[in-house]
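The values are calculated or read from the model by the stated rules, or taken from the named source; none is laboratory data. Here the structure is a predicted model, which is why all the values come from computation and not from measurement. Using ideal geometry, Cβ is built from the backbone for each residue, glycine included, and neighbour counts are taken over all protein chains shown.
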Amino acid sequence: MLGSLRYLLLQVRKPGDTMAPHEVHGFAKHLRCPESNIQIHDLISGQPTRSQLDDVDAVLLGGSGDFSVVTGGPWLEPALETMRELHELSKPTFASCWGFQAFSLALGGSVVTDIQRAEVGSFDLRLTQIGLEDPVFSPMGETFCAQLGHQDIVERLPEGAHCLASSDRVANQAFCFPGKPIYGTQFHPELDLSTLLDRLRTYPAYIESITGLEYDQFVKRCCRESKATEGLLERFARHVFRHLDHA
C-alpha cells in the first residue's frame, strides 16, 4: 500500500539542473515507490497551490543546488509561507538538507552560514534522548553514519520542534514536531554513498572550497557507506501512514 502514496517534491534548483531528476530518483528509491509517484514543483517559480498540496499524500522538501536560505532572494518568503502552511495543515512532510533549514527558518528558527562547521561527506551522528525514543529514528541506533553536504547551519530550532540528532560540529541535525507528521534532517536520507558521489561530482569546486581536497582525495578520506539511514524515509512513510498497513 505504501508504494501507492503520492508525493509532491518541492525543489529549489536552476533550470536544467541535472540533480533535479537525480533527487527524485533518490527519494523514490528510499521511499520504495515508483518515480512516477513523485510530482515536482520548483519553489523558485512560486508557491504551489492549495490544490497541489491537497492532491498528494505527503510533501518532500529537498536540496538547494545553488541556493541558500541565508542569502535568500525574492522567491524565499513565498517558499517559507508554504512551509508555514504545511505546518498549520499538519500535512505529512519530510524536509531534507535545504528543506530542513528552510522549514526551521519559516517557523521562527535561525540559520547561519558557517564554513567552519560545514559538513561535506560521510559523518557520524548521534541520536538525542528524544531521538532514541522516536519510532522513525531509533532503529538507526545511538550513533550512525550519514551523508551530508552543507555550509548553512540551523543554529536554533523553531519553538515546538524537538531535536532528534546531533553531530560534533552541528547540534541540530534532525527535528520532529510532536503531534504533527513532520520530520526533517540536515543530512540526506535520500542519498547513499553512491548517489552522494554522483551529486558531488557535479560540484567539484564546492568540495574543494570546503575541504581543500580534490575530488579523488575527498572520496578516499571523507566518504563511507551509511547503511543505517537507508531505511529512514520508508519508516517515516510507514509511521505517518501506518493505518495503510492494516487496510
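Residues of the range 59-91 that are closer than 13 Å to Leu10 by Cβ, among the polar types (S, T, N, Q) and assigned to a loop (DSSP other than H, G, I, E, B): Ser64 alone.
Scanning the range 126-148 for residues that are among the β-branched types (Val, Ile, Thr), surrounded by 17 or more Cβ atoms within 10 Å (Cβ to Cβ) and either under 16 Å from the mean Cα position of the chain (by Cα) or part of a strand (DSSP E or B) (or both) turns up just one, Val136. Condition check for Pro204 on (1) more than 30 Å from Gln129 (Cα to Cα); (2) out of contact with any Asp or Glu (no Cβ under 8 Å at 6 or more places or on another chain): one failure, at (2). Does the range 149-162 include one or more residues that are in a strand (DSSP E or B), in contact with a Leu (Cβ under 6 Å, 6 or more places away or on another chain) and either crowded, with 23+ Cβ neighbours inside 10 Å or of a type outside the set (Val, Ile, Thr) (or both)? Checked the range 149-162: no residue is in a strand (DSSP E or B), in contact with a Leu (Cβ under 6 Å, 6 or more places away or on another chain) and either crowded, with 23+ Cβ neighbours inside 10 Å or of a type outside the set (Val, Ile, Thr) (or both). On the stretch given as the range 218-244, residues that are under 18 Å from Tyr7 (Cβ atoms), part of a loop (DSSP other than H, G, I, E, B) and touching a strand residue (DSSP E or B) at 6+ places or on another chain (Cβ under 7 Å) total 0. Go through Leu31, Leu61, Leu5 for me and flag whichever is modelled with pLDDT of 95 or more and closer than 21 Å to Ser104 by Cα. Every option except Leu61 fails the conditions.
Only one of the numbered conditions (1) of a type in the set (Phe, Trp, Tyr); (2) modelled with pLDDT of 95 or more; (3) out of contact with any strand residue (DSSP E or B) (no Cβ under 6 Å at 6 or more places or on another chain) is not met by Tyr215, and that is (2).
Of the candidates Phe175, Phe103, Phe94, Phe123, the single residue that is in a helix (DSSP H, G or I) and either of a type in the set (A, V, I, L, M, F, W, C) or closer than 24 Å to Ser194 by Cα (or both) is Phe103. Evaluation of Glu23 against the conditions (1) buried (at least 21 other Cβ atoms within 10 Å of the Cβ); (2) farther than 19 Å from Thr195 by Cβ; (3) among the acidic types (Asp, Glu) shows that the sole unmet condition is (2).
Checking the stated criteria, Leu9 turns out not to satisfy the condition of being in contact with a strand residue (DSSP E or B) (Cβ under 7 Å, 6 or more places away or on another chain), among the aliphatic types (A, V, I, L, M) and over 24 Å from Leu196 (Cβ atoms).
The numbered conditions (1) touching a helix residue (DSSP H, G or I) at 6+ places or on another chain (Cβ under 9 Å); (2) under 18 Å from Ala161 (Cβ atoms); (3) buried (at least 23 other Cβ atoms within 10 Å of the Cβ) are all true for Cys97 except (1). Taken over the range 74-84, the criterion of being surrounded by fewer than 19 Cβ atoms within 10 Å (Cβ to Cβ) and touching a residue at least 24 places away in the same chain (Cβ under 8 Å) is satisfied by Trp75, Pro78, Glu81.
Residues of the range 171-201 that are crowded, with 20+ Cβ neighbours inside 10 Å and either of a type in the set (Ser, Thr, Tyr) or touching a Lys or Arg at 6+ places or on another chain (Cβ under 6 Å) (or both): Tyr183, Thr185. Taking residues in the range 218-242 that are farther than 20 Å from Asp198 by Cβ, and partners anywhere that are β-branched (Val, Ile, Thr) and not in a helix (DSSP H, G or I), the pairs with Cβ atoms closer than 6 Å and at least 6 places apart or on different chains are Arg235/Val136; Phe236/Val136; His239/Val136.
Here Val24 passes the criteria (1) closer than 18 Å to Phe236 by Cβ; (2) without any contact (Cβ under 8 Å) to a residue 12 or more places away in the chain except the one numbered (2).
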